[in-house]
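Coordinate-derived values only; no laboratory data. Keep in mind that what you see is a predicted model, and the values were worked out from it rather than measured. With ideal geometry, Cβ positions are generated from the backbone for all residues, glycine too; neighbour counts draw on all protein chains shown.
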């Protein structure tokens, strides 16, 4: 799998958001974001949670009512 | 600040005791406020708790306080809770002169309850750090030892309460920003359930996670403040329309027969031996009170840390992107770098993190609270560090240092669950240690009941730091 790279990060930060970033920092961010995205994707696959119709606030309220 | 007045003798009064004294007429709001202002003045050079004091306004309020449950009680709050027309810096140079267009609903409720507002308290830049360092306004220092951090981001709130300047203070918590400073300073800090307390008129850090809550010397005092600020608010559609229980009665309640769950993994890993010993002693106190303690197995805790981080960074970065582009020099490098990461997080990753949330919290509650009323776990896994050890605001180590501070608190922001830090002794370096109680949604009353009972059985909350010479 090809990971996010520094040039892509530079394009997002500088090209889309106007936020300057050095090449070295962009490489670090690319590593960090790749790790985060990979972990979240793995969690989404592993947890295999059904798509609920309730939002988060409604879930909290329902859990409170159920006790 | 004015010339330093003579320091009054340290007070051991809690908020609850001060309110009772006011009601009996044995002390006046004006006298309490004068004492608080004198203590604020005396401590400021040592701990830098205040960003701004409003002495004249405070004295005017105290001269004729509104009747109410907090009538005449001196308080002060994190400088991100807006008061219309007053400067609210949010700990940032960009807002050094920014005047708030509205008053936060929580401040309006405290005003209506009769509280006296002394001013605004120091905080981490944009509520984005866990140590209390701030390159713009200076670090808030720990009253127990000013070489050590006060914790963040509600650093001034915890330090001002610990120093006995105010009886309670509000803070905000996105990843641990109430509980971590409360633990560092030896006071009680409650992050309520997400939606329990209105955020209207408060600076947003990450709106899906942000909570506003009280810091005070005791759980009973926290209950008194929470009773005033909790509940629905037309100005904040995320404030839940769920009945507010009698938190004061809960804090006075018996805990015999309640059950604490101790997680088998994650939270107790890599715990400093002294912290582990103090938590073990606290656990025994609960058992002696008739609280049953059982092990609980929790699902996939490491991923909660990641999910909370993704939501925080994505939401904070989205809020800050225009200012980061226009004024990069106005951010500490560490915070700026952290928020750069958020700008590059794919939308699908952020949405996955949010999409998973209802199912994750339901699974967590099934595992954690099927047989327990609350979880018992550490706040900080380490002794309170020094300012020098954590001075990473302009360093590449920023992420690692802050992540360690909030290792045991962040999960509960992603889960939206209530969690409270309670002091339980001192490590050899003279700094406080604390345990954390976490509960099911809207179960603040159970946490307050447990925390208050622990404090009735112990005297850690009666210890006060030595005032500056």
Taking every residue of B:309-318, the Cβ atoms of other protein chains inside 10 Å of its Cβ average out to 2
For the stretch B:51-150, the Cα gyration tensor yields equivalent-ellipsoid semi-axes (√(5λ), largest first, whole Å) of 25, 17, 11
Restricted to chain B, the DSSP antiparallel beta bridge percent, nearest 5, is 70 percent
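Give the percent of DSSP beta bridges with both residues in the protein assembly as shown that are antiparallel, rounded to the nearest 5. Walk me through the numbers on the way to the answer.
Values: 32 of 46 bridges.
If we restrict to bridges inside the protein assembly as shown, about 70 percent are antiparallel.
Could you calculate the FRET efficiency of residue B:28 with residue B:462 from 1/(1 + (r/R0)^6), where r is the beta carbon distance between them and R0 is 30 Å, rounded to 0.05? Write out the running numbers ahead of the final one.
Details: r = 24 Å, r/R0 = 0.80.
According to the calculation, E is roughly 0.80.
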The alpha-carbon center of the stretch B:390-438 and that of the stretch B:149-224 are separated, in whole Å, by 13 Å
Taking chain B and counting helices only, DSSP H stretches of n ≥ 4 at -39,500 (n - 2.57) each over all residues, the nearest-500 ellipticity at 222 nm comes to -11500 deg cm²/dmol
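Order these by the 10 Å Cβ neighbour count, fewest first: B:191, B:78, A:10. Let's see the in-between values first.
Numbers: B:191 36, B:78 32, A:10 20.
Arranged by neighbour count, lowest to highest, B:191, B:78, A:10 become A:10, B:78, B:191.
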What the Cα atoms of chain B span along the principal axes, largest first and in whole Å, is 58, 53, 46
Here the protein assembly as shown gives, from Cα atoms, an Rg and Dmax in Å of 21.9, 73
Long-range alpha-carbon pairs in the stretch B:247-380, meaning those over 26 Å apart, account in percent for 47 percent
From the Cα centre of the stretch B:248-310 to that of the stretch B:337-355, the distance in Å is 31 Å
The alpha-carbon pair-distance distribution computed for the stretch A:6-65, with 5 angstrom bins and whole-percent values, is 4, 16, 14, 13, 12, 10, 12, 12, 5, 2, 0
